[in-house]
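Working notes, structure below.
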Amino acid sequence: MRLHISDLKEGDILLKDTFNGYGLHVLSKGTVLAQKDIAKLFQHQVDYVDIEERRTTEQPVHRTLETTVNPKWLPNVRPDYENAVKGFQDLFQKATDGGVVKQDEVAAAFQPLLKNFQMERDVVSMLLLLNTADDYTYQHSVQVGMLSYYLASWLGYTELEALEISKSGYLHDIGKSRIPSSILNKPAKLTDEEFEEVKKHTLYGYDIIKQSFEDESEIMALSALQHHERNDGSGYPHGLRGDEIHPVAKLIAVVDIYSAMISERVYKKKRDLFYVLKELYKMSFNELDAHTTHTFIKHMIPNFIGKKAVLESGEVGTIVMTHPTEFFRPLIQTGERFIDLTVDREYEIKEIIF
């Protein structure tokens with residue numbers, strides 16, 4: 001029984017050994033598929049597998065190969081992404097004018113994008129293709145909402161919880177609507193006084209969300225308030241430490257930093273994606289929650305499979321497999337040769353080419 005991997009279910013049994021496009025073994029014959037196994041197939045860009053016949057009369061929905069090849073999703077996702085960006089701009093303006101946002105308007109702006117979250121396996125490429133240098137504040141909020149969904153799912157939250165957490169990510173910076181645009185859009189470095197004003201967006205965001213929603217908005221409000229708090233107490237606005245910070249705020253902190261660092265703003269160039277993940281890894285030992293950050297990196301790294309890597313030696317190769325614990329030392333193919341960076345430790349990746 002041959003199925004597209006999007007039709008697989010937990011409990012399906014592989015009929016054959018499965019290999020990725022580079023001939024590397026992914027899963028063994030007889031594997032009883034769990035969700036993590038199906039995710040692994042997605043990460044290795046395996047499209048079809050053979051499974052044992054199911055003991056059911058249910059017939060799968062078959063998809064053609066053309067509907068599964070990147071960027072198949074782009075025509076569907078881009079309008080919803082742009083609508084969510086425009087929707088946040090409208091919410092931002094209403095929060096500026098009236099100090100509140102309406103729940104139905106948040107849903108109208110962000111809800112259409114939610115349905116596309118589950119279909120995209122290559123998060124890195126998606127954000128690169130959708131991201132532009134315009135409207136940083138609004139795009140950043142949409143990206144944090146999207147990435148919050150993925151990270152929540154990877155951390156084991158239910159689908160419903162992940163969707164709610166994504167809304168917290170979407171609204172995490174709504175407090176910036178009360179920051180003067182002359183400060184928010186300043187191309188030069190902020191003065192100490194201006195930075196102190198920017199830091200108040202966390203307090204403003206908490207206030208706006210509490211005034212705009214019912215009591216069940218507490219997680220959204222705390223996410224807005226605490227997403228700049230840091231495990232070592234170095235964050236703001238209250239210098240909280242460790243377990244004093246809400247777990248969802250810790251989650252949003254990770255994707256907030258990632259989105260900010262990969263974006264191209266007026267006053268700085270976006271950074272190499274591999275470098276950004278390395279920086280997050282460094283921060284996981286003091287500022288960011290280690291488990292949350294490592295989970296994010298672990299699931300983002302496989303998105304580099306199939307991408308070109310430039311080594312410090314000047315050689316260029318293709319990433320064909322990533323390592324589950326040594327995140328930044330994948331297996332690279334250069335011509336007929338394979339370089340395992342976990343073994344050949346003199347090699348280092350300089351940058352990834354998309």
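Derivation of every value follows stated rules applied to the coordinates shown; laboratory data play no part. Computed from a prediction, not measured in an experiment: that's the story for all the values here. Cβ placement follows ideal geometry from the backbone for every residue including glycine, while neighbour counts extend to all protein chains displayed.
Extension gain residue 29-residue 346, at 0.36 nm per residue separation less the Cα-Cα distance, in nm?
110.6 nm
Any aspartates and glutamates with Cα under 19 Å of the residue 186 Cα? List them, leaving off those in the same chain fewer than 8 positions away.
134, 135, 173, 194, 196, 197, 264
Cut-off 15 Å, label point 7 angstrom out along Cα-to-Cβ of residue 290: give me the residues of segment 231-261 whose amide nitrogen falls inside.
Backbone N within reach: 231-232, 242-243.
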